[in-house]
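Trainee: Here's a structure for you.
The values are calculated or read from the model by the stated rules, or taken from the named source; none is laboratory data. These figures come from a predicted structure and were not determined experimentally. Heads up, the Cβs are rebuilt from the backbone with ideal geometry, glycines too, and the neighbour counts pull from every protein chain shown. Accessible surface areas use protein heavy atoms only, side chains included; no ligands, DNA or RNA. Shrake-Rupley method; radii C 1.70, N 1.55, O 1.52, S 1.80 Å.
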Amino acid sequence: MKITAVLPARMASSRFPNKPLMPILGLEMIEHVRRRTEMSKAVNEVVIATCDQIIKDRVESFGGKAVMTADTHRGCIDRVAEAANSLTGEIILVIQGDEPLILPKMIDDLVEPMLEDPSIYCTNLVTKIVDEEEFQSPNAPKVVIDKNWDLLFASREPIPSRKKTSDDSFLKLKQLGIIAFRREFLDVFAKLEPTPLELIESVDMNRAVEHGYKVRMVLTEGQMIGVDVPGDVARVEEVLKKDSLLKEYLK
């Protein structure tokens, strides 16, 4: 079974313009993500999906593969779905290009449920929130799940609410920008109409839930700091300096 990882990237981020090509310890952010993704045992191919020629040219200068997409996509998954039309693979991974701390094992964890259970057609990686600032931050999509670990709702607000409990020990989860689709469901998802909660919360996966589809959430360990605003770069660099993978790909 071929697994293809697609990394959506664009220069016109409202919160952080030109983000994919921001140097992190001397290497562009998108290149950190591409090289770390290639280290996954599960992944057979890594491709950048972008609407910006400058990103494509830079990725290819490092020997990577990139495909051009339209610049009209509202969400990253729609961009990946377009790119996937020219790619092969029974499982397509969506790996956000702003997760330079991604670990190969996280990707392996993501696809494992789909390899073990043919009835699972979409998985989404989550981690526990242990920091109050992150729980409150609109940059971190929070999720609530059912007893099977399927997604119920994703919000940029802190959920579940504390208003009716004095116990703060409940499970707090954030969605990472790392999602796996069976190709057939990616095609279905891309044809679904955008939904109210998807647009209100600016979280793509609400579209699947609102249309009645299951998204299995997969808990993973590891420190993940997505680069959402310029101030996140310094935080990521401090973690990367101690990262054992860095010396394997930063030469």
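Trainee: Do we find a residue being open to solvent by 30 Å² or more (accessible area, probe 1.4 Å) and not in a strand (DSSP E or B) anywhere in the range 172-179?
Mentor: No - not one qualifying residue is present in the range 172-179.
Trainee: For the range 1-28, name all the residues that are under 15 Å from residue 76 (Cβ atoms) and touching a Gly at 6+ places or on another chain (Cβ under 7 Å).
Mentor: In the first step, residues of the range 1-28 are kept if they are under 15 Å from residue 76 (Cβ atoms); the result is 5-16, 19-20.
Across the range 1-28, the qualifying residues are 7, 8, 9, 20.
Trainee: When the residues of the range 219-232 are filtered to those that are open to solvent by 20 Å² or more (accessible area, probe 1.4 Å) and in contact (Cβ under 8 Å) with a residue 24 or more places away in the chain, which remaining residue is nearest to residue 140 (Cα to Cα)?
Mentor: Filtering the range 219-232 down to residues open to solvent by 20 Å² or more (accessible area, probe 1.4 Å) leaves 219, 221-223, 228-231.
Retained after the next criterion (residues that are in contact (Cβ under 8 Å) with a residue 24 or more places away in the chain): 219, 221-223, 228-230.
Details: 219: 16, 221: 16, 222: 16, 223: 14, 228: 9, 229: 12, 230: 15 Å.
Step by step, filter the range 219-232, then rank; the result is 228.
Trainee: Here's something else I'd like to know. Hey, among the residues in the range 30-44 that are open to solvent by 40 Å² or more (accessible area, probe 1.4 Å) and either among the small types (Gly, Ala, Ser) or in contact with a strand residue (DSSP E or B) (Cβ under 9 Å, 6 or more places away or on another chain) (or both), which one's nearest to residue 10 (Cα to Cα)?
Mentor: Taking the range 30-44 as the starting set, the residues that turn out to be open to solvent by 40 Å² or more (accessible area, probe 1.4 Å) are 35, 38-39, 41, 44.
From the residues that got through so far, the ones that are either among the small types (Gly, Ala, Ser) or in contact with a strand residue (DSSP E or B) (Cβ under 9 Å, 6 or more places away or on another chain) (or both) too are 35, 38, 44.
Numbers: 35: 18, 38: 20, 44: 23 Å.
Restricting to residues being open to solvent by 40 Å² or more (accessible area, probe 1.4 Å) and either among the small types (Gly, Ala, Ser) or in contact with a strand residue (DSSP E or B) (Cβ under 9 Å, 6 or more places away or on another chain) (or both), the top hit is 35.
Trainee: Going residue by residue through the range 59-75, is there one that turns out to be open to solvent by less than 50 Å² (accessible area, probe 1.4 Å), under 23 Å from residue 175 (Cα atoms) and under 13 Å from the mean Cα position of the chain (by Cα)?
Mentor: yes
Trainee: Filtering the range 180-219 down to residues that are of a type in the set (D, E, K, R) and in a loop (DSSP other than H, G, I, E, B), which residue is farthest from residue 76 (Cα to Cα)? First the steps, then the outcome.
Mentor: As a first pass, look at the range 180-219 and keep what is of a type in the set (D, E, K, R): 182-184, 187, 191, 193, 198, 201, 204, 207, 210, 214, 216.
Add one more test, that the residue is in a loop (DSSP other than H, G, I, E, B), and what stays is 193, 204, 214.
Working: 193: 15, 204: 8, 214: 19 Å.
Result: 214.
Trainee: Could you figure out which of (1) open to solvent by 50 Å² or more (accessible area, probe 1.4 Å); (2) of a type in the set (Lys, Arg); (3) touching a Pro at 6+ places or on another chain (Cβ under 8 Å) isn't true of residue 207?
Mentor: For residue 207, the failing item is (1).
Trainee: Cβ-Cβ below 6 Å, separation at least six or inter-chain, first residue in the range 178-200 and farther than 25 Å from residue 102 by Cα, second open to solvent by 40 Å² or more (accessible area, probe 1.4 Å) and in a helix (DSSP H, G or I): which pairs?
Mentor: 195/210; 197/210
Trainee: Any idea which of 21, 27 is among the hydrophobic types (A, V, I, L, M, F, W, C) and open to solvent by less than 30 Å² (accessible area, probe 1.4 Å)?
Mentor: 27
Trainee: What number goes with the only condition from (1) buried (at least 21 other Cβ atoms within 10 Å of the Cβ); (2) touching a residue at least 40 places away in the same chain (Cβ under 8 Å); (3) charged (D, E, K, R) that residue 134 does not pass?
Mentor: Exception for residue 134: condition (1).
Trainee: Separate question: Output the residue which, of all residues in the range 93-131 that are open to solvent by less than 50 Å² (accessible area, probe 1.4 Å) and among the hydroxyl-bearing types (Ser, Thr, Tyr), is farthest from residue 23 (Cα to Cα).
Mentor: My answer is 123.
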